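Everything on this sheet refers to the single structure shown next.
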Amino acid sequence: MIKGLLRFVIAVIFILSGFVKAVDLVGFSFKMEEYFSPAVFNMPFFEKFALLFSIIVVVLELLLGFMLLLKLKLKFTLSALIALCVFFGFLTFYSAYFNVVTDCGCFGDAIKFTPWESFIKDIVLLVGLIILFILYRKEFKKKDDHSSTTKDSSSKFKYILLGIFSLIMIFIMSQGIMHEPMIDFRDYKIGTDLKAEKEKINKNPSEYKTFYSLKNQKTGEVLKVNQDDYIKETKYWEEGSPWKIEEGKNESVLIKEGYKSEIVKFKIEDPTGMEATDEVINAPKAILVFSYHPKDISPELLKQVEAKVKSQGANVVYGVSTDPNTFKTVKNMMMDGTAIKTIARSNPFVLILQNGKIVDKQPAKDYVK
């Protein structure tokens, strides 16, 4: 009973982990790109295969998790899951130790883990899987007491269930890749009031302090001093002081956690740097066309979507991208590419706001149909 319960719990964790990533495979591929980036593993040549790697990882999690649940090919399933856990454990430890990826994306946008929490989770799962392997090792070679007919019938039913499960997951994954995630776990889901979220952030902001890295030019001693102490202690900055700030080594440290929301990154500016965020979220109706990879947009699609958004009678119509020359007939505005990716996964996509509330969000190719 204990090993059955442990098997069930671990299987469900893998299925849930795979499911939330399967819903938003493009979002998970962004996380894979982060791992391949020069700042982490420095393998930029793999970035173009990020979506493929994401599909492989998610399929393994889902199929192996479901096979463990059904008790199919138990020795192979447990061995493969242990290997998968070791792989994930390496990634999360590397992220935590070197502080290079702040969120592993283990459960997509549904549940956020810090790097160390992700690593601990992987270690707990690994220990659980090893315990299961030991508990079930006697059954790996044991012959079934039932007749071959009963055994074949049971196995056939399990494979049918696995096939049905696989087809459902393939449909969910394809929807997320070709359109948008069927279930939106992000802060920018339809119905979100951006204006209200901005107000919550402004009322309860996060507080940071700058810590300066100071080096004594005479002794070579290095100190970390926060901004308040630096100002108070004249010995650090008075004329003739041996203490000098080391350029590029200062750190901004979170002192007080405020209201957490990705909406804090929703900041729209014109090409000169003039912010237009308030204009957008206060407009009775605003239609925004976003692109995080402007060079990948089909000119014909861009022409169609611009023509349609201009005909909708919105108070504000902007094209928002990382390039000030992306859009030809609507006003070009700027936004950070990572922030754009957080809103939606399609490139380009259309966001419609009414008094700051998200009422619709579609890939541009679906919007123009």
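Can you list residue pairs whose Cβ atoms sit under 7 Å apart, with the first residue in segment 307-326 being in contact (Cβ under 8 Å) with a residue 60 or more places away in the chain and the second being surrounded by 18 or more Cβ atoms within 10 Å (Cβ to Cβ) and not hydrophobic (A, V, I, L, M, F, W, C)? Count only pairs 6 or more apart in sequence or on different chains. As it stands, the answer is LYS308/TYR367, since those pairs meet every condition given. Pairs are defined by a Cβ separation below 8 Å, a sequence spacing of at least 6 or placement on different chains, a first member in segment 353-369 that is in contact (Cβ under 8 Å) with a residue 24 or more places away in the chain and of a type in the set (Ser, Thr, Tyr), and a second member that is surrounded by 14 or more Cβ atoms within 10 Å (Cβ to Cβ) and outside any loop (DSSP other than H, G, I, E, B); the pairs so defined are TYR367/VAL305; TYR367/LYS308; TYR367/PHE349; TYR367/VAL350.
Please verify whether LYS112 is at positive phi, without any contact (Cβ under 8 Å) to a residue 60 or more places away in the chain and surrounded by 15 or more Cβ atoms within 10 Å (Cβ to Cβ), treating the condition exactly as stated. Break it down into steps so the answer makes sense when it comes.
Values: at positive phi: no; without any contact (Cβ under 8 Å) to a residue 60 or more places away in the chain: yes; surrounded by 15 or more Cβ atoms within 10 Å (Cβ to Cβ): yes.
For LYS112, the condition - at positive phi, without any contact (Cβ under 8 Å) to a residue 60 or more places away in the chain and surrounded by 15 or more Cβ atoms within 10 Å (Cβ to Cβ) - is not met.
Pairs are defined by a Cβ separation below 8 Å, a sequence spacing of at least 6 or placement on different chains, a first member in segment 118-130 that is within 11 Å of ILE82 (Cα to Cα), and a second member that is surrounded by 15 or more Cβ atoms within 10 Å (Cβ to Cβ) and polar (S, T, N, Q); the pairs so defined are ASP122/THR92.
If I filter segment 215-232 down to residues being under 23 Å from ASN99 (Cα atoms) and part of a strand (DSSP E or B), which single residue comes out as least open to solvent (accessible area, probe 1.4 Å)?
To start, the set of residues in segment 215-232 that are under 23 Å from ASN99 (Cα atoms) comprises 222-227.
From the residues that got through so far, the ones that are part of a strand (DSSP E or B) too are 222-226.
Working: VAL222: 79, LEU223: 52, LYS224: 103, VAL225: 10, ASN226: 27 Å².
Once the filter is applied, the top-ranked residue is VAL225.
Pairs linking a residue in segment 7-35 that is on the phi > 0 side of the Ramachandran plot to a residue that is surrounded by fewer than 21 Cβ atoms within 10 Å (Cβ to Cβ) and modelled with pLDDT of 90 or more, with Cβ atoms under 9 Å and 6 or more positions apart or on different chains, do not occur.
Having 3 or more residues that are modelled with pLDDT of 95 or more is the bar; report the strands (runs of 3 or more DSSP E) wholly within segment 233-323 that clear it. Walk me through how you get there before you give the answer.
Working: elements: 243-245, 251-256, 286-291, 316-321.
Hits in segment 233-323: 286-291, 316-321.
Only residues that are open to solvent by 60 Å² or more (accessible area, probe 1.4 Å), touching a residue at least 40 places away in the same chain (Cβ under 8 Å) and within 25 Å of SER29 (Cα to Cα) were counted in segment 157-177, giving 1. If you go through segment 62-78 and keep only what is exposed (fewer than 15 other Cβ atoms within 10 Å of the Cβ) and either free of Cβ contacts under 8 Å to residues at least 60 places away in the same chain or farther than 18 Å from GLY128 by Cβ (or both), you end up with just PHE76.
Can you pull out the residues in segment 230-289 that are among the charged types (D, E, K, R), without any contact (Cβ under 8 Å) to a residue 60 or more places away in the chain and under 30 Å from ALA314 (Cβ atoms)? Spell out the reasoning first.
The first filter runs over segment 230-289 and keeps only residues among the charged types (D, E, K, R), leaving 232-233, 235, 238-239, 244, 246-247, 249, 251, 256-257, 260, 262, 265, 267, 269-270, 275, 278-279, 285.
Adding the requirement that they be without any contact (Cβ under 8 Å) to a residue 60 or more places away in the chain leaves 232-233, 235, 238-239, 244, 246-247, 249, 251, 256-257, 260, 275, 278-279.
Listed by number, the residues that qualify are GLU275, ASP278, GLU279.
The set of residues in segment 186-203 being open to solvent by less than 70 Å² (accessible area, probe 1.4 Å) and either among the acidic types (Asp, Glu) or touching a strand residue (DSSP E or B) at 6+ places or on another chain (Cβ under 9 Å) (or both) consists of ASP187, TYR188, GLY191, THR192, ASP193, LEU194, LYS195, ALA196, GLU197. Filtering THR322, THR329 for residues that are open to solvent by 20 Å² or more (accessible area, probe 1.4 Å), in contact with a Phe, Trp or Tyr (Cβ under 8 Å, 6 or more places away or on another chain) and β-branched (Val, Ile, Thr) leaves a single hit, THR322.
Of all residues in segment 332-364, those satisfying the criterion of being more than 17 Å from ASN282 (Cβ to Cβ) and either more than 24 Å from the chain's Cα centre (by Cα) or assigned to a strand (DSSP E or B) (or both) are ASN332, MET334, PHE349, VAL350, ASP360, LYS361, GLN362, PRO363.
Let's see how each residue does on (1) crowded, with 16+ Cβ neighbours inside 10 Å; (2) modelled with pLDDT of 90 or more; (3) in a helix (DSSP H, G or I):
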{"position": "LYS3", "(1), (2), (3)": "no, no, yes"}
{"position": "ILE10", "(1), (2), (3)": "yes, yes, yes"}
{"position": "LYS31", "(1), (2), (3)": "yes, no, yes"}
{"position": "ALA39", "(1), (2), (3)": "no, no, no"}
{"position": "ASN42", "(1), (2), (3)": "no, no, no"}
{"position": "SER54", "(1), (2), (3)": "yes, yes, yes"}
{"position": "VAL57", "(1), (2), (3)": "yes, yes, yes"}
{"position": "LEU60", "(1), (2), (3)": "yes, yes, yes"}
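Residues that are among the hydroxyl-bearing types (Ser, Thr, Tyr), touching a Leu at 6+ places or on another chain (Cβ under 7 Å), open to solvent by 80 Å² or more (accessible area, probe 1.4 Å) and under 24 Å from ASP336 (Cβ atoms) do not occur anywhere in segment 265-276.
The values are calculated or read from the model by the stated rules, or taken from the named source; none is laboratory data. For clarity, every value in this text was computed on a predicted model and none was experimentally measured. No Cβ is skipped: glycine too gets one built from the backbone with ideal geometry, and neighbour counts run over all protein chains shown. Accessible surface areas use protein heavy atoms only, side chains included; no ligands, DNA or RNA. Shrake-Rupley method; radii C 1.70, N 1.55, O 1.52, S 1.80 Å.
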